[in-house]
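To start, the structure itself, in structure tokens.
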Amino acid sequence: MNDNMLKAGLSEKTKPAAAREKSGRVDVYDWLRLIATIFVVIGHSAYLGIREAHGGIAYELPAQLHPVYNSQILSWLRWLSVWVYGFHMPLFFILSGAVLALKPVAPFDKFFKSKVKRLLVPYFVWGWLYMFPVKRLGGFYDNRTVFEGMCGFLNGEDAGHLWFLPTLFWCMLVFCILYKCFQRAGIKSGYLLLLCCGVIQLAGPSFLPFDVLDLKAGLSYIFYFALGYQFELERRAHKRWSTRATVLAFIAVFGLEYVNDKVDPAILNKFFTIIAGSVFTFLLADLCARVFTKASRVRAWNLTIRNLFYVYIFHDPLEYLVLRGTWHYHLLSSAVGCVMYVLMRTAVVFIIGVLLGELVETGKRHMSRLWSAQPGTGMS
């Protein structure tokens, strides 16, 4: 979930596609971020267990489960949550690397400060002020373990779904160091940089004698980040596929995924599952960008795209509130309750994430204006 694209303004979104790409914005990546974020929400919509070590209840399906819960549509959604889990997080690292390649990499000191502000600060702020309180309300923690979790959060333990932020921070930092070293040495081969990142991903986490705030996790995804960076360089250097070629490629990858799942799940190993799922999602995003060319003129689209980061931040703790409410009100014992349960764990938490994000950004803008109007701030 790349931070360079998280908070773009409405004016940027209304530019023609060609002008926006020149300014460092690519429509297909907005679609890719949207689809990938939907996949994350879906991926977090099927779990039931809450680890009792944290004081919570391990929810199990009730004995009086309504048949609608096992209907074809709801079963398909649960299958989808398992499928996206096979590749959705590496996909975000690939996307983050691709977006970084849209503009020149900033000097290291500026780059470092930017990533601290955009990744580490939200990690601690939203972890302590939002994730832990909401998960406590949802029953994941009790009064004792919530404070233990908040303390462990300092070094990356009990990071919950926010693990992605410090992991991406380290991944980007190490990549930037390598990139700058290559620049200084006059090495221009992106594929050599990709190879180095692959070696680091394979060997780094095992040989590193210490771990600080998910540093090892950051190294374990750096190849995918570098792959996204190189992908964007190649995308710009080559002519865009025709719609026909894109559709045929989409069908081919879909067929490969279907055969892998239905015929022999061992056809693709973990790495190729990640690559196939990522390619599938990119092709789907590309097709959406071709069909919905005027999406950036729609207010709801702009509202959603600029708040996707907050959907990621806010959605997962809300899942625990949904679980607690579901069991308290016995929703799964009725057909309507089963449908409500699925919708709340997918569409509703997504929409709430968007609205909460807009509320946060509106509050920040108001606070910024109030601060700038104060005497002594250097502004009037």
Inside the range 207-245, the number of residues satisfying the requirement of being among the hydrophobic types (A, V, I, L, M, F, W, C), without any contact (Cβ under 8 Å) to a residue 12 or more places away in the chain, farther than 20 Å from Lys103 by Cβ and assigned to a helix (DSSP H, G or I) is 2
Could you check Lys188 against (1) part of a helix (DSSP H, G or I); (2) of a type in the set (Lys, Arg); (3) without any contact (Cβ under 8 Å) to a residue 40 or more places away in the chain and say which number it fails?
(1)
Criterion first (modelled with pLDDT of 90 or more, over 29 Å from Thr145 (Cβ atoms), in contact with a Gly (Cβ under 7 Å, 6 or more places away or on another chain) and aliphatic (A, V, I, L, M)) does Leu100 satisfy it?
no
Say whether the condition of being acidic (Asp, Glu) and part of a helix (DSSP H, G or I) is met by at least one residue in the range 262-275.
no
Within the range 293-326, residues being surrounded by fewer than 21 Cβ atoms within 10 Å (Cβ to Cβ), free of Cβ contacts under 8 Å to residues at least 60 places away in the same chain and not in a helix (DSSP H, G or I) number 2
How many residues does the range 91-117 contain that are surrounded by 13 or more Cβ atoms within 10 Å (Cβ to Cβ) and in a loop (DSSP other than H, G, I, E, B)?
4
Does any residue of the range 144-160 turn out to be part of a loop (DSSP other than H, G, I, E, B), in contact with a strand residue (DSSP E or B) (Cβ under 8 Å, 6 or more places away or on another chain) and farther than 30 Å from Tyr229 by Cβ?
yes
Failed item, numbered, when Pro122 is tested on (1) under 24 Å from Ser278 (Cβ atoms); (2) within 19 Å of the chain's Cα centre (by Cα)
(1)
If a residue has to be over 20 Å from the mean Cα position of the chain (by Cα) and among the β-branched types (Val, Ile, Thr) to count, how many in the range 280-327 make the cut?
5
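The values are calculated or read from the model by the stated rules, or taken from the named source; none is laboratory data. If you're wondering where the values come from, they're calculated on a predicted model, not measured in any experiment. So basically every Cβ, Gly included, is an ideal-geometry build from the backbone, and we count neighbours across all protein chains shown.
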